[in-house]
Amino acid sequence: MNRKHPANRIWFCIVLSTALWLPVGHAQTTRLWNNYQVYQPEITRGILVDTDNNQLKLRYNHCASTVFYQDRWFTVWNANTIAAEGDLGQLIYLSTSTDFTHWTVPEPVFSTGATSINPIGPTDHGRMQQWQPNLLVTDGELWCTWGENGKKPELVGTYCSKLASANGRWKNTKILLPGDSGPPVIHPEIDGIVWRAFPSQNPVELSGGRIVAPVTLREKKGSFPAAQKRNAVIYTDDRGANWRLSELIQLPAAPTGQWEPTVYELDSGEIAMIARRNDKTNLVSPAEILLFATSSDKGATWSEYEVLPLEVLSSRMHVLNTGNRFCMIYNDHRLGDAGRKVDRYNLALFTSPSGRARDWMPGVSVTHNLWGVAYPQMFEKDDALYAAFSQGSSRSIHTARIRPKPDPARHCIFPRHLMDSRPDVRNGMLAFDFRQLIKSKWKMDLGKGDFSIAARLVPRHRGMVVDGRAKRKGMVLALKKVGEGLAVSCSIAGFPGGSRSFTMSETVPKGRPLYAGVSFQNGKRLRLYVNHAVEAFEISDRINLSTGAPLFFGSLQHTNSALFNYYGLIDQLLVFNRALDDDEHALLQSGGVQRQRTAAAAQQRHLQRPRLHDGTCRNL
C-alpha cells in the first residue's frame, strides 16, 4: 500500500471466478451479477510470401490488404525484387487462396494484361513505384485504392481499380480530385499548396451507400520529413464515377507529422478517424502518438484532432466495427519496454465498446514471438477475424486467423499480452531475436577513464550489441551489414554536428561464432576487434562519453536510431573499466574459441582462463 496516498493507487486486480458482483446504487439492497468471459482466442498464423523462399525472388513485401470475395481470399501488397522500400520496380502483387493457408504464386495485378483490362505501365515496370493497396468488397465488386509515384509522370496518381468477378480482370481508373478552383485534377491545389493523395487504409462503405477512402495528402514538393501533411478522406456517391475530397485535417502543433489514417462508422452514424503522429525530428511521447477525429456529415468535414490516450508505438493501424464491438489491430509494447516509440515487435488486438477516443483497451497478442511485425489489415468473416501483416522489416507477408472474434453479447475481460523482453537460454547462451533486452542495474559510466568491451557472439543478423548512449552522448558497439557479411562497428555520439561511426573493413559471415571487441583509451584512441583482426582509429579531439546512464545489451536505448536490435546468441559479454591491449583481446578471443570445441578436444588442449590484471570486469 502507498501510505502517503492510500486511496490513489490500485496495483492490480485478478478475477479468478466467472462472475463479478457489482453494486447498483448506494441506496439499493439488490445485487446485479454479471458473467464475464476471459477473451482468449485461438490464433492460427501462416506465411503468404517468405522473402527467403519465393519463386519470384521478392525481397521487399509490405502493406498487405486481405478480403474474402465470392469464393476465395484475395491479398494484395506492394513488393520488389530489390530489398528496399520505394525503389523503382516496386509493383502491387496479388495472391489468392480458398482456405487462407495455401496461396497462389504472386503476380503483378495492375500492370500486366493477364490481370488487368487496361494495365498501368505494362512495359515500364522498372520505372514504376506502386504503393499501399487497400481492398473493399462492395455490391458484388472488389475495389482497390492505391497510388503510383514512379518516373512516368503521365502514370503518377491515385487509382481505384475494380473487379467484377473473381475470375475476371481488373479495370484501373485514375482518381481526379477538386482543388480550390478549376476542374478535378491529379494533384489538387488547396490553400496555396499542391498535394499528392496517398491512400492509407481500406475504404469503408457507409450505411447510406457512400464509400469513403482514407488518405494522407503530402505536399508535392520537398522531402518526406519537411513536406506538409494533412489527413482526409476521398468519397464517392455514384460508385466511383466522381470523387470528392473532404476537408483537410491539420495538426497545428505538427503540420508535417501526421500520417496514415483509418476510418470506420460509429453506431451513431458518425465517422471516426484514427491516425498516427509520424514526426521524424521530434518524436512525441507514447501517450500522444494516436490522434482521433469525427465527422457528423459522412466524412465531408471533420472535428479537430484530440489525443487517443493509449501509450503505444508509431505505426499503421486498422479498425473494424464488428457489431457493438470495435476491434483495432495495432502494435503494442514489449513487456518492460513501454517507454519506447518505434519498436514493432508485438501486433495486438485492441477493443472498444464505442469506438470513441477514451475507451480503447489493449488485448491479446496476434503475432506472439515474431519480430518486426507491422502494417496489419483485417477482414471479418463468420466468427473470425483474418489479418495480413508485414514481418521482418517489411520483408515477408504473414497471416493470422483470430477465432472467435470478441462476442458483442458477452461481458469480456481482455488480457493484455505484452511480450516478455527477457532472452531465452539456448545451449548455455542467451538468445535474442530483436525483441529482447538486458539493461544493467548499475550505471556504467564509460566516459570516466578508459574502457573495453569483449563479446563472444553467434549473430544471425546485423544489430546492436551494447548501447551506452544518453543525453546525446555515449557509444554503441554493433554489427553492421556490409555486403553479405557483418562488420564490427562503434558509433560515438557527442561530437559537434552529431555522431561518428567507425567500422572495420574485415567482415565475417552470419551464423558463425565470432569474437567482437572494442578498446577506448585516453578519450581518443579507438581499437576494434573481430576474431584475430584488429583496426585502430584515431580521434582528433578527446571525446567525453560520460552519460551516467545504464547500458543496454542486445537492444537499442536510443529510440530514434537507424540500427536494429540484436538477433542471435550471446555466449559471453564483458565490460572493463580500462583499455585492454591486443594481447589481452587475443587471450579472450582464444578462450572463446576453446569453449566452442568438443569436451574431448578441450581436455587435450586446455587453455588457462585469461588473467586480466588491474581492471574491474562486469561479466553478464
Self-check item: Cβ-based charge dipole, the chain, positive-most Cα from Val137, Leu457, Val105
Solution: Leu457
Exercise. Work out Dmax and Rg for the chain from the C-alpha atoms and quote the Rg first, both in angstrom.
Key: 27.2, 87
Exercise. Please list 150-159, 264-273 highest first by mean number of surrounding beta-carbon atoms within 10 Å per residue.
Key: 264-273, 150-159
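In the calculated pair distance distribution of the stretch 428-513, what percentage of Cα-Cα distances lie above 16 Å?
Percent of Cα pairs beyond 16 Å in the stretch 428-513: 60.
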Self-check item: Among the listed pairs Lys439/Lys524; Lys151/Lys481; Lys171/Lys229; Lys57/Lys481, those beyond 22 Å (Cα-Cα)
Solution: Lys439/Lys524; Lys151/Lys481; Lys171/Lys229
Quiz item: So which lysines pass the test for Lys443, namely a Cα distance under 18 Å, with those fewer than 8 places away in the same chain ruled out?
Solution: Lys471, Lys473
Practice problem: Please report the Cα spread of the stretch 220-278 along all three principal axes, rounded to whole Å, starting with the longest. | Solution: 35, 28, 15
Practice problem: Just the number, please: percent antiparallel of the DSSP beta bridges in the chain, rounded to the nearest 5. | Solution: 95 percent
Exercise. Order these peptides, 315-321, 112-118, by their mean beta-carbon neighbour count within 10 angstrom, highest first.
Key: 315-321, 112-118
Quiz item: Per 10 Å bin from zero, what fraction in whole % of the C-alpha pairs of the stretch 389-539 is there, up to the bin with the longest pair?
Solution: 9, 31, 30, 16, 9, 5, 1
Quiz prompt | Dipole magnitude of the chain about its Cα centre (Cβ charges: Lys, Arg +1; Asp, Glu -1), debye to nearest 20 | solution = 2000 debye
Practice problem: Check cross-link reach from Lys405 to the aspartates and glutamates: straight Cα distance under 20 Å, and skip same-chain residues fewer than eight apart. | Solution: Glu42, Asp99, Glu265, Asp267, Asp332, Asp359, Glu380, Asp382, Asp383
Exercise. Take every Cα-Cα pair in the stretch 106-224 and report what % of them are more than 18 Å apart.
Key: 55 percent
Quiz item: Going toward the positive end of the dipole of the chain, with +1 on Lys and Arg Cβ and -1 on Asp and Glu Cβ, which of Leu349, Gln250, Asn321 do you reach last?
Solution: Leu349
Quiz item: So how strong a dipole does the stretch 443-511 carry about its Cα centre when Lys and Arg Cβ are +1 and Asp and Glu Cβ are -1, to the nearest 20 debye?
Solution: 280 debye
Quiz item: At 222 nm, what helix-only mean residue ellipticity would the chain give, in deg cm²/dmol to the nearest 500, using -39500 (n - 2.57) for each DSSP H run of four or more?
Solution: -1000 deg cm²/dmol
Practice problem: Specify the angular offset, from 0 to 90 degrees and rounded to the nearest 10, of the alpha carbon long axis of helix 582-596 from the longest principal axis of the alpha carbons in the chain. | Solution: 70 degrees
Self-check item: Per residue accessible area in Å² of the chain, where ligands, DNA and RNA are left out and the probe is 1.4 Å
Solution: 45 Å²
Quiz item: Applying the Karplus parametrisation 6.51 cos²θ - 1.76 cosθ + 1.60 with θ = phi - 60° to the phi angles of the stretch 491-499, what ³J(HN,Hα) value in whole Hz is obtained for each residue in order, glycine and proline being reported as x?
Solution: 9, 10, 9, x, 6, x, x, x, 9
Quiz item: Carbon-plus-sulfur fraction of the accessible area of the chain, 1.4 Å probe, in percent?
Solution: 49 percent
Quiz item: What Kirkwood radius, in Å to one decimal, follows from the Cα pairs of the stretch 262-334?
Solution: 13.1 Å
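Quick check for me: using +1 on Lys/Arg Cβ and -1 on Asp/Glu Cβ, what's the dipole size of the stretch 174-222 about its Cα centre, in debye to the nearest 20?
200 debye
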Quiz item: Thr138's amide H: which non-local residues (gap 5+, or another chain) put their own amide H closer than 5 Å, with H modeled 1.01 Å from N in plane and none for Pro or chain starts?
Solution: Trp143
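The values are calculated or read from the model by the stated rules, or taken from the named source; none is laboratory data. None of these values were measured; they are calculated from a predicted model. Here Cβ is always computed from backbone atoms with ideal geometry, including for glycine, and neighbour counts include all displayed protein chains. For the accessible areas, the whole protein counts, side chains as well, though only heavy atoms, and no ligand, DNA or RNA atoms are used. Shrake-Rupley method; radii C 1.70, N 1.55, O 1.52, S 1.80 Å.
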